[in-house]
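Visitor: First the structure, then my questions, so here it is.
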Amino acid sequence: MKLNPIYRRDELTGTRSLSLPLLITLLNAGLSILVLINLFYVTADAGVTGEISYGNFLRIYYYAAGIEYFALLMMAPVLTASSITLEKERKTLGLLLTSQLSPREIIRGKLFSALSLLFETFVTALPILATVSIFGGVTWLELLVAVLVTAVSLFYASSVGILTSARLHTTTSATAAAYIAVLGSMAVFFLGLYAARFLPAYAAWVLPGELMLMVVLSFVFLEIAERSLLPRRRHVAVHAAPPDESEPEDTEPDATTARASKK
């Protein structure tokens, strides 16, 4: 299988940087400390009362999953909103477009490189979330739902970042626009989930419907970003010069004038 050249280049440069390992270490360390502290208090309380509250384990899971979800969601615009604008600022986007790479390959390479970093960080934190299910209170179905929601949200946030990076010219403006769009749409997403609590007949369809809508919008955003990189054809109107109605003067002397000049 032939890898995308853009993806391969970004992966090669990303592995040489210490930012990703440092970020993964800090995120997992923070989640581990949070889970361990809560587990300590739950088990200490169980030693005093003789009862284990499985609701406390579920609360720990929600806290850890929420923190990880929000952290990854904030990382997505940073990784993707600068993907195309940096090429513009470095004056290298024109070189990419003049190569054998199509705009679709450029967009996909940038998207896959960002998603791979995000999913690597997400997968490394899954064992921390899974430890909560050992004590009960959290089912594997809830873990699967968390993985699905996180994956779709990261795909959506990355697509928004790619779109703003392709449409705007500076990294600052693209990142700001991506954050505004992602935070605004996520607020609507969670408001829809909250409102579904008051509509029991439609509650089971709200989450799948919102996830499907996010996937569709993501593909639409990527298509718009690809079209933004296509070279624009400039139609230059060529106006023909109006013909000169006046007859050009004959500059050659006639025969009579020539004989007169000789005399």
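The values are calculated or read from the model by the stated rules, or taken from the named source; none is laboratory data. Note that this is a predicted model, so its numbers are computed, not measured. Quick reminder, even Gly has a Cβ in these numbers, built from the backbone with ideal geometry, and neighbours come from all protein chains shown. We work out accessible area using only protein heavy atoms, side chains counted, and drop any ligands, DNA or RNA first. Shrake-Rupley method; radii C 1.70, N 1.55, O 1.52, S 1.80 Å.
Visitor: Within the stretch 172-208, track down each residue that is open to solvent by less than 40 Å² (accessible area, probe 1.4 Å) and either more than 27 Å from residue 76 (Cα to Cα) or free of Cβ contacts under 8 Å to residues at least 12 places away in the same chain (or both).
Guide: The answer is 184, 196.
Visitor: Of these, 91, 110, which one is more than 21 Å from residue 30 (Cβ to Cβ), surrounded by 18 or more Cβ atoms within 10 Å (Cβ to Cβ) and among the basic types (Lys, Arg)? Spell out how you get there, then give the answer.
Guide: Details: 91 fails: surrounded by 18 or more Cβ atoms within 10 Å (Cβ to Cβ).
Only one candidate qualifies: 110.
Visitor: Mind checking which residues of the stretch 134-171 are part of a helix (DSSP H, G or I), over 20 Å from residue 219 (Cα atoms) and open to solvent by less than 40 Å² (accessible area, probe 1.4 Å)?
Guide: 143, 146, 171
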